[in-house]
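Presented below is the structure to which this report refers.
Every number in this text was worked out from the coordinates using simple rules, so none of it is lab data. Since this is a predicted model, take the numbers as computed values, not measurements. Note that we place each Cβ from the backbone using ideal geometry, even for glycine, and neighbour counts take in every protein chain shown.
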């Protein structure tokens, strides 16, 4: 019923809008009538004296005299009674209209000239409705525009919640979670058990506050979820919405601020008013850094609209009135830029770090996302978890999804280990580019480059082990080597970081030793190596020359905080920092050269096998390094599952599969048709047998009847 009324209102609104546009056009251009144009009185007087006028009609109208008439012949005159859109106002007409002020002298002169020129003259009485019509048509456009404006305001205000309305800026855009549509529960969240427990406690407080209140506890005013992207902050909020059993309002930080001043603060007030009316309730603000950034010496001044919105948010969360029964849950991956007043206890009592999961958490996440995927027996999720250090929950979900897509592309019924391995490579470096044309010289250079990384990684294997090396181009990389930590590391020593730098410089060093050249393929290696070396010197105090001093922080630059700040060290110290970074890199380069020179035979062997097989796994690499040969089963298989299909191969495989399916369907149809024919023949034979049997029985009955008739006749004869 409401939708029907809304449709009727919208229809009326558009009808009135069209009428208003028509009336505006009429009032602006309506007097520009080529059939009876307006002319000046001087023009009319001249034409009357020259005898061009045939007849006149004078009628009093609104305090003036309106004169209309006809010419004897068509006249070219200037129309002065309206606006012209076409440039020229010259019209050719036999009729005219003009206005004369009420004066006896003027009217007498007109009458005298009309008599002299034999012009037919008539006078009409003033119309009683003319004045009222004039007033009505003068004010009607104004009244109509006021009515349309009122209709528009009423329509925008009746939507509630503001959702996309033009004029309803002050209403909150928060959406109340649908309990039936949201099926996410805490059981669907894995790899964040401690973080989940903190939120479970908040939900339990809302459901049953007695046992907490008895101990003098109060409900937390706010919970801030912070951590890297993809770690499950929003998923945790969805689980809270699914488990809470109280109204749950979700909004993004960017939804508060618009181009109009005061809109953000108004929306904050409206949001908290709605939540307080339905308390206990939960408000979830995603990406709160969009509205909660630090106030201060930023770009835009202290009267920034975003700052006014932040001020209102601070007041609503812990102001004079308080917000009893309302919990604010917020998520951000830039907690370092949030305003300190927002982070204090009383507003966000709990700050929960949702970090990247460890190996146990990764395995639990993989099990959750593998529920609806058929996995082959050779897929061990524990091994997959060990091969994906540093992956967030979103990355792990993407790995299994890519594995399913790869298995479908290879026409498999289940996802096997090779599909998961290919999916890991796709997530890390992008899809393989098997069809990329690479000349022989560059291909050899890439092989020796990656073999250099591999040799250094095998020798310096105290913390990391070489997992895979390939020369198949992926993304922007011509090839890559993957070295995984033996176990999850939360602390790194100076030796571990130095070994990482040596491994990164192994590729360029191999190019210099084998080919005597320096290529651009090591640009990303240098970027990572330089970053690690600078962090060692400026952040972690690992320089013996500069000592345990932190010169730079590891936070990202934020203009609102860092604007106008200068370095906390002198130019001399900056020069020494550059010298220390350069020293570390040169020592790592010399170390890489020393390792490759000492293992030239293994380096050459691994490079040659890379050119032959393109990809080597950990077992093959270890066998080549220690025994000098490839494993026999690898030689036999030659990695058939890792041979990526080209577009033409995939297309041909699909066409063959489709043709096979059509042939099978045709064969099934022919077999079914033959079975139907056989059944029809059997039915026909049975029918013929039944008919013969019936005819035989009828014949037998006839013979019996005849015998009975014969016996009766004999009996009659004997009786007679």
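So if each residue of separation counts as 0.36 nm, and I subtract the Cα-Cα distance between residue 695 and residue 618, what length gain in nm does that give?
19.0 nm
What distance in nm separates the simple spin-label points at residue 545 and residue 99, each placed 7 Å from Cα in the Cβ direction?
For residue 545 paired with residue 99, the spin-label model returns 9.4 nm.
What distance in nm lies between label points placed 7 Å from Cα along the C-beta direction at residue 269 and residue 219?
According to this spin-label approximation, the distance is 2.4 nm.
Working out 0.36 nm times the residue gap between residue 597 and residue 144, then minus their Cα-Cα distance, what length gain in nm do you get to one decimal?
154.0 nm
Provide the FRET efficiency to the nearest 0.05 for the residue 359-residue 491 pair, computing r from the beta carbons and using R0 = 25 Å.
According to the calculation, E is roughly 0.95.
At a Förster radius of 51 Å, what calculated FRET efficiency corresponds to the Cβ-Cβ distance of residue 587 and residue 411, to the nearest 0.05?
0.45
Ranking 455, 471, 58 by Cβ neighbours within 10 Å, fewest first, what do you get?
Ordered by Cβ neighbours within 10 Å, fewest first: 58, 471, 455.
Efficiency by 1/(1 + (r/R0)^6): what FRET value for residue 684 and residue 662, r their Cβ-Cβ distance, R0 = 25 Å, to the nearest 0.05?
On the way: r = 33 Å, r/R0 = 1.30.
For residue 684 and residue 662, the calculated efficiency is 0.15.
Which whole-number percentage describes the relative contact order of region 175-353, with Cα contacts under 8 Å and a sequence gap of 6 or more?
32 percent
State the extension gain, in nm to one decimal, for the chain segment bounded by residue 526 and residue 376, taking 0.36 nm per residue of separation less the distance between their alpha-carbons.
The residue 526-residue 376 span can extend by a further 50.0 nm.
Within a 10 angstrom radius of the beta carbon, how do 497, 492 rank from fewest other beta carbons to most?
Ordered by Cβ neighbours within 10 Å, fewest first: 492, 497.
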